[in-house]
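Below is one structure, written out as structure tokens; comments come after it.
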Amino acid sequence: MSVNVLYKTSAKATGGRDGHAATLDGALDVKLTTPKELGGGGGAGNNPEQLFAAGYAACFIGAMKFVASQGGPKVPADAAVTSTVGIGPRSEGGLDIDLAVSLPGLARAEAEALVAKAHQVCPYSNATRGNVDVRLTVV
């Protein structure tokens, strides 16, 4: 199945986890460091899991807003998604993801329904579906 691409971006990484990554348009430019837990030195810089967590959280809010635009409940201005991404042995699945969704002012049942629908349309959720267990929690 081909995708009708509406937006495209490119990023280049060098040096792996202890290197550098930047989008080709210069909008994102980060130093990469390996966390101590993965055998690296830690320190100033980011790692792929942090970047994935930030992207997933932002994308999920966008998915909730899309669901709202299709007749779902309005997403509060102070809505927040905390995406926790863990990494472990590939033999155990590799990634571990939790999304904690805060929707102040929405009734719990309404919030849970919105989150479930957003999980069906979010591109990150679709990319991980069947590959990574993603746990959703309304907080």
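Which of the residues that make up region 107-116 are of a type in the set (Gly, Ala, Ser) and either in contact (Cβ under 8 Å) with a residue 24 or more places away in the chain or closer than 24 Å to residue 95 by Cα (or both)?
Once the filter is applied, which keeps residues that are of a type in the set (Gly, Ala, Ser) and either in contact (Cβ under 8 Å) with a residue 24 or more places away in the chain or closer than 24 Å to residue 95 by Cα (or both), region 107-116 yields 111, 113, 116.
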### Task
Output the residues belonging to region 60-82 that are open to solvent by less than 70 Å² (accessible area, probe 1.4 Å) and touching a strand residue (DSSP E or B) at 6+ places or on another chain (Cβ under 9 Å).
60, 61, 64, 76, 79, 80, 81
### Query
So which residues in region 83-95 are without any contact (Cβ under 8 Å) to a residue 40 or more places away in the chain, surrounded by fewer than 16 Cβ atoms within 10 Å (Cβ to Cβ) and not in a helix (DSSP H, G or I), if there are any at all?
84, 86, 88, 89, 94
### Task
Test each condition in (1) touching a residue at least 40 places away in the same chain (Cβ under 8 Å); (2) more than 15 Å from residue 68 (Cα to Cα); (3) out of contact with any Pro (no Cβ under 9 Å at 6 or more places or on another chain) for residue 119 and report the one that comes out false.
(2)
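Per-residue answers, yes or no, for (1) at pLDDT 95 or above; (2) in a loop (DSSP other than H, G, I, E, B):
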| position | (1), (2) |
| --- | --- |
| 5 | no, yes |
| 26 | yes, yes |
| 41 | no, yes |
| 54 | yes, no |
| 58 | yes, no |
| 62 | yes, no |
### Query
Mind checking which pairs have a first residue in region 1-18 that is closer than 28 Å to residue 47 by Cβ and a second that is outside any strand (DSSP E or B) and open to solvent by 100 Å² or more (accessible area, probe 1.4 Å), Cβ under 6 Å, 6 or more apart or different chains?
10/24
### Query
If residue 111 satisfies every condition in (1) in a helix (DSSP H, G or I); (2) open to solvent by 20 Å² or more (accessible area, probe 1.4 Å); (3) of a type in the set (A, V, I, L, M, F, W, C) but one, which is the exception?
(2)
### Message
Tally up the residues in region 85-116 that are more than 17 Å from the chain's Cα centre (by Cα), under 26 Å from residue 68 (Cα atoms) and among the acidic types (Asp, Glu), please.
### Response
2
### Task
Can you confirm whether region 11-20 contains a residue that is open to solvent by less than 50 Å² (accessible area, probe 1.4 Å) and over 18 Å from the mean Cα position of the chain (by Cα)?
yes
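The values are calculated or read from the model by the stated rules, or taken from the named source; none is laboratory data. Bear in mind that the values here come from a model prediction, so they are computed numbers and not experimental data. In this analysis, Cβ positions are derived from the backbone assuming ideal geometry, glycine residues included, and neighbour counts consider all displayed protein chains. These accessible areas exclude ligands, DNA and RNA; they are computed on the full protein's heavy atoms, side chains included. Shrake-Rupley method; radii C 1.70, N 1.55, O 1.52, S 1.80 Å.
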